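Chemist: Just dropping this structure here.
The values are calculated or read from the model by the stated rules, or taken from the named source; none is laboratory data. Since we're looking at a predicted model, the values are computed, not measured. Heads up, the Cβs are rebuilt from the backbone with ideal geometry, glycines too, and the neighbour counts pull from every protein chain shown.
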Amino acid sequence: MLTKKRVVFLILMAAVLIIAPVLTLLSISRSSHEDGEMQVINLWQIDSFEGGRGSRAQYLKNTAEECFKGTRTYITVTTLSADAARQNIAEGNIPDIISYGAGFYGIETLTNPRDFTYKTWCRGGYVYITLDEDADFSDINDKNTLINSGRDNYSAICAAFEGLSRCDSATPTSAYVKLIAGEYKYLLGTQRDLYRMETREKSYKARAVTSFNDLYQNISILIEGENYDKCAEFVNFLMRNSSRVSTLGMVADGASCEGALAEIQCADCEYKIEGFASEAFIKQLNGALLNEDLNSLKNLLK
């Protein structure tokens, strides 16, 4: 006959035999869930200005895949206009990382300054282009020069610093077509126009502008918390491999560039818009531009 102590012992043993496997399974399940969970990082690409060749969004996606190859981290890349990005942010939709052109506003209170507020991962530049291979650029004036108006970039400020505020302007593709049609001797364009010329196999001469530049593609982290370290890992990887941006027809320190692109790379512009801005600053800038107040522009950009 079983004693009372022995009955209690058998009950306890049975409980251990039942509970232990359950606890083990829960532990394995939890471990498998943690090990297998996909960490998704959201990145927005804002094409504030024309690139060179290829897609900056695709470049970022490819770089992210290389950075996190063999891991459970995945970066989604979404291309938005500047206005669409600001609208989404106003509605509370905020990405983990944002890549944007200089002068973009709407994130000045959102950037995470733990390691940096922004980094420039590639850039372009303004450039004069002519089909006249004997041209020396000394006769540039507001009658024989056309301005590529660009997208959200300040080509008009560049023109003002170059003394060409009265020049005609046209949308990017139209400007290029007018140049090759012989309607203008010079085009004040960007690195994108160099590749338009090469695509059409046109002979040309080019000279980089050194007065002003705002064609900087920047990247910022907007989040805090568990995803921050992965975001920083990606940005650091992107910057370490910046020499590859020449495949985009863009420039960066350490990138191998030739011809006019090399001139753009070496250009040390006197006035710049490099990072993000505030809406108030952009309004001041637009006001000075509208009033053709070159001194105010210089003071704002010094």
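Chemist: I'd like the residue in the stretch 175-202 that is without any contact (Cβ under 8 Å) to a residue 60 or more places away in the chain, hydroxyl-bearing (Ser, Thr, Tyr) and crowded, with 17+ Cβ neighbours inside 10 Å and, out of all such residues, is nearest to TYR128 (Cα to Cα).
Modeler: TYR186
Chemist: Which condition breaks for ALA206 when tested against (1) outside any helix (DSSP H, G or I); (2) in contact with a Phe, Trp or Tyr (Cβ under 6 Å, 6 or more places away or on another chain)?
Modeler: With (1) outside any helix (DSSP H, G or I); (2) in contact with a Phe, Trp or Tyr (Cβ under 6 Å, 6 or more places away or on another chain) applied to ALA206, the lone miss is (2).
Chemist: Consider the stretch 213-258. How many of its residues are assigned to a helix (DSSP H, G or I), without any contact (Cβ under 8 Å) to a residue 12 or more places away in the chain and in contact with an Asp or Glu (Cβ under 9 Å, 6 or more places away or on another chain)?
Modeler: Matching residues across the stretch 213-258 total 1.
Chemist: Here's something else I'd like to know. Cβ-Cβ distance below 6 Å, separation of 6 or more or different chains: which pairs start in the stretch 50-74 with a residue that is of a type in the set (Lys, Arg) and end on one that is assigned to a helix (DSSP H, G or I) and surrounded by 14 or more Cβ atoms within 10 Å (Cβ to Cβ)?
Modeler: That search, which allows pairs on different chains as well, returns ARG53/TYR195.
Chemist: Among the residues that make up the stretch 109-121, is at least one of them surrounded by fewer than 17 Cβ atoms within 10 Å (Cβ to Cβ), without any contact (Cβ under 8 Å) to a residue 60 or more places away in the chain and part of a helix (DSSP H, G or I)?
Modeler: No, the stretch 109-121 contains no residue that is surrounded by fewer than 17 Cβ atoms within 10 Å (Cβ to Cβ), without any contact (Cβ under 8 Å) to a residue 60 or more places away in the chain and part of a helix (DSSP H, G or I).
Chemist: Scan (1) touching a residue at least 24 places away in the same chain (Cβ under 8 Å); (2) more than 27 Å from TYR154 (Cα to Cα); (3) surrounded by fewer than 18 Cβ atoms within 10 Å (Cβ to Cβ) for the single condition TYR105 breaks and write down its number.
Modeler: Every condition holds for TYR105 apart from (2).
Chemist: Applying the selection to the stretch 75-102, what residues are without any contact (Cβ under 8 Å) to a residue 12 or more places away in the chain, among the polar types (S, T, N, Q) and not in a helix (DSSP H, G or I)?
Modeler: ASN93
Chemist: Let me ask you something else. Going through the stretch 122-133 one residue at a time, which ones are assigned to a loop (DSSP other than H, G, I, E, B) and at pLDDT 95 or above?
Modeler: GLY124, GLY125, LEU131, ASP132
Chemist: Let me ask something else about it. Only residues in the stretch 163-174 that are at negative phi count as the first member; pair them with residues that are of a type in the set (Asp, Glu), Cβ under 7 angstrom, at least 6 apart or cross-chain, and list the lot.
Modeler: If the second residue must be of a type in the set (Asp, Glu), the pairs left are LEU164/ASP142; SER165/GLU292; ARG166/ASP142; CYS167/ASP142; PRO172/GLU50.
Chemist: In the stretch 272-297, what count of residues is obtained for those that are surrounded by fewer than 18 Cβ atoms within 10 Å (Cβ to Cβ) and farther than 28 Å from ILE221 by Cβ?
Modeler: 9
Chemist: Here is a follow-up. Which of (1) part of a loop (DSSP other than H, G, I, E, B); (2) at pLDDT 95 or above is the odd one out, the single condition GLU66 does not satisfy?
Modeler: Every condition holds for GLU66 apart from (1).
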